[in-house]
1. On the basis of being in the same structural domain as residue 125 (by TED's automatic domain parsing) and either within 30 Å of residue 106 (Cα to Cα) or part of a helix (DSSP H, G or I) (or both), does residue 93 make the cut?
2. Which one is farthest from residue 71 (Cα to Cα) among residues in segment 87-114 that are surrounded by fewer than 16 Cβ atoms within 10 Å (Cβ to Cβ) and within 17 Å of the chain's Cα centre (by Cα)?
3. Could you check, for segment 22-43, whether at least one of its residues is touching a residue at least 60 places away in the same chain (Cβ under 8 Å) and in the same structural domain as residue 5 (by TED's automatic domain parsing)?
4. For the condition in the same structural domain as residue 95 (by TED's automatic domain parsing), surrounded by 17 or more Cβ atoms within 10 Å (Cβ to Cβ) and either touching a helix residue (DSSP H, G or I) at 6+ places or on another chain (Cβ under 9 Å) or not in a helix (DSSP H, G or I) (or both), what is the one hit in 61, 14?
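The values are calculated or read from the model by the stated rules, or taken from the named source; none is laboratory data. Quick caveat: nothing in here was measured; it's all calculated off a predicted structure. Neighbour counts run over all protein chains shown; Cβ positions are idealised from the backbone, glycine included.
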C-alpha cells in the first residue's frame, strides 16, 4: 500500500470512528504548522493502526479511552468518549465501566477526573440534541 492509499484508508476510518463533522472541523483548522501532522496521523494512526484486523473497533475504542485516562490526556479522552457515544454505539454505562476498570490500575484521582470529563461530554451531547 502506498501513502495515498494509506491516507485514503485512514481518512475513511477516521471519519467512521470520530464522525465526519469532527474530522471536517479538524481539516478546516489545518495550518502550515500542523498540516503535515494531520497527514501523518491520518496515514499512520488511522490508516495503519486503526485498520489492523486483530481488534474490532469497539475494543480499540475501549483501549484508547482507557489509555487517555491513564496518561492524563483529557482533550483526547473527551474526543474519544464523545465519538464512542455518538458514533460507536456506546452507552453511558459503557463509559462508566471503562472508568471503573481504570480506577483500579490508574488510581482514584484519575478516575474521579475522568468521571467529571465524561459527564461534561454527555451534557454537551444532550444539549446539542
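1. Yes: the conditions hold for residue 93.
2. This residue is 89.
3. Checked against the condition, which is being touching a residue at least 60 places away in the same chain (Cβ under 8 Å) and in the same structural domain as residue 5 (by TED's automatic domain parsing), segment 22-43 yields at least one hit.
4. Result: 61 is the single residue among 61, 14 that is in the same structural domain as residue 95 (by TED's automatic domain parsing), surrounded by 17 or more Cβ atoms within 10 Å (Cβ to Cβ) and either touching a helix residue (DSSP H, G or I) at 6+ places or on another chain (Cβ under 9 Å) or not in a helix (DSSP H, G or I) (or both).
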